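Before any comments, here is the structure.
The values are calculated or read from the model by the stated rules, or taken from the named source; none is laboratory data. Keep in mind it's a predicted model, so treat the numbers as computed, not measured. Using ideal geometry, Cβ is built from the backbone for each residue, glycine included, and neighbour counts are taken over all protein chains shown. To get the accessible areas, we keep the full protein, side chains included, count just its heavy atoms, and leave off ligands, DNA and RNA. Shrake-Rupley method; radii C 1.70, N 1.55, O 1.52, S 1.80 Å.
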Amino acid sequence: MVHRWRMEADAILVGTNTALMDDPQLDNRLYYGKSPLRIVLDRKLQLPNNLKIFSDGQPTLIITEQDKPINSASHLHYLSMNFGETFWPDLLAILWRDYKLGVILVEGGQKVLSSLIDTGLWDEARVLIGQKPLAVGIPSPILPGSPEKTLKLGLDELKVYQHVQRS
Ligand SMILES: NC(=O)c1ccc[n+]([C@@H]2O[C@H](COP(=O)([O-])OP(=O)(O)OC[C@H]3O[C@@H](n4cnc5c(N)ncnc54)[C@H](OP(=O)(O)O)[C@@H]3O)[C@@H](O)[C@H]2O)c1
């Protein structure tokens with residue numbers, strides 16, 4: 001199901017720590033159809049080149065405050081911008097204006113999700129809840145309001161939150 005969501009998105013975005021700790025592929029391997037464009041926040045260009053999102057030959061867009069490196073691989077694209085207070089509205093506007101990316105799936109982690117939720121610039125949140133309590137780890141972000149619907153997925157649950165944008 002998550003890979004179907006990836007197929008439906010124009011792009012999939014993760015934070016620096018998630019890219020480093022999980023080394024995800026962020027593609028659609030388990031459903032038919034296309035994969036989204038991968039986007040990673042790497043303000044200081046500190047992520048290692050051997051991560052899957054950089055080394056598997058598929059396109060990745062790297063959002064950074066640094067200049068584009070010289071001699072970068074052709075499948076790696078760089079967007080240099082300011083990571084100040086208007087980061088999210090600026091980024092979303094550029095992604096639409098210059099790349100025609102309108103449906104962005106943000107797959108974490110907590111800091112990225114929380115900062116995006118705080119801006120109010122999100123439409124829907126999908127929270128998957130498993131059976132096994134995790135005693136340690138990073139707490140999930142806090143969503144405002146209550147879920148629009150709750151679906152049973154076997155023993156797990158999917159809670160869907162909707163956010164109405166201010167015009
Ligand atoms: N359960 C799940 O579904 C799930 C999903 C994804 C990840 N995870 C887990 O989450 C953990 C990582 O989460 P995390 O909260 O530590 O890190 P994160 O959200 O993945 O990345 C946060 C880092 O991204 C950079 N960043 C750049 N722009 C940002 C912005 N506008 N807002 C927030 N961060 C920005 C910052 O690093 P700089 O200051 O260096 O720029 C920041 O410290 C991993 O352990 C991963 O396994 C869980």
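At-a-glance table
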quantity: R0 of 30 Å, Cβ-Cβ distance M21-I142: FRET efficiency to nearest 0.05; calculated: 0.90
quantity: Accessible area (Å², 1.4 Å probe, nearest 10) - S55; calculated: 70 Å²
quantity: Rounded to 10°, Cα long-axis angle of helix 87-99 versus longest principal axis of the chain; calculated: 70 degrees
quantity: Bins of 5 Å, starting at 0 and running to the largest distance - Cα pair percent for the stretch 94-167; calculated: 3, 12, 20, 24, 20, 11, 6, 3, 1
quantity: Where Rh is the Kirkwood radius over Cα pairs, Rg/Rh for the stretch 1-156; calculated: 0.96
quantity: Per-pair calculated FRET efficiency, R0 = 30 Å: V160 and L134 via Cβ, rounded to 0.05; calculated: 0.90
quantity: Aspartates and glutamates with Cα under 15 Å of K44, excluding same-chain neighbours fewer than 8 positions away; calculated: E65, D67
quantity: Solvent-accessible ranking of R29, R43, largest area first, probe 1.4 Å; calculated: R29, R43
quantity: Apportionment of accessible area to carbon and sulfur, the chain, percent (1.4 Å); calculated: 53 percent
quantity: Inter-label distance, nm, simple model (7 Å from Cα along the C-beta direction), Y99/Q66; calculated: 1.8 nm
quantity: Whole-Å distance, taken between Cα centres, linking the stretch 6-29 and the stretch 129-167; calculated: 19 Å
quantity: Probe 1.4 Å, protein heavy atoms only - accessible area per residue of the stretch 11-167 in square angstrom; calculated: 64 Å²
quantity: R0 of 22 Å, Cβ-Cβ distance Y32-L79: FRET efficiency to nearest 0.05; calculated: 0.15
quantity: In degrees, nearest ten, helix 110-119 long axis to first principal axis of the chain (Cα); calculated: 80 degrees
quantity: Theoretical ellipticity at 222 nm over the chain - DSSP helices of four or more residues, -39500 (n - 2.57) apiece, nearest 500; calculated: -6500 deg cm²/dmol
quantity: Cα-Cα over 26 Å, subset of K52/K152; K52/K132; K132/K159; K52/K149; K68/K100; calculated: K52/K152; K52/K132; K52/K149
quantity: Max mean-square fluctuation residue, GNM over the chain, Cα-Cα springs under 10 Å, options E107, E65, E157; calculated: E157
quantity: Accessible area (Å², 1.4 Å probe, nearest 10) - V164; calculated: 130 Å²
quantity: Environment charge at K159 (Cβ cut-off 12 Å; Lys +1, Arg +1, Asp -1, Glu -1); calculated: -1
quantity: Environment charge at M81 (Cβ cut-off 14 Å; Lys +1, Arg +1, Asp -1, Glu -1); calculated: -2
quantity: Residue-level accessible surface for D23, protein heavy atoms, 1.4 Å, Å²; calculated: 40 Å²
quantity: Within a Gaussian network of the chain (alpha carbon springs, distance under 10 Å), most fluctuating of K34, K149, K52; calculated: K149
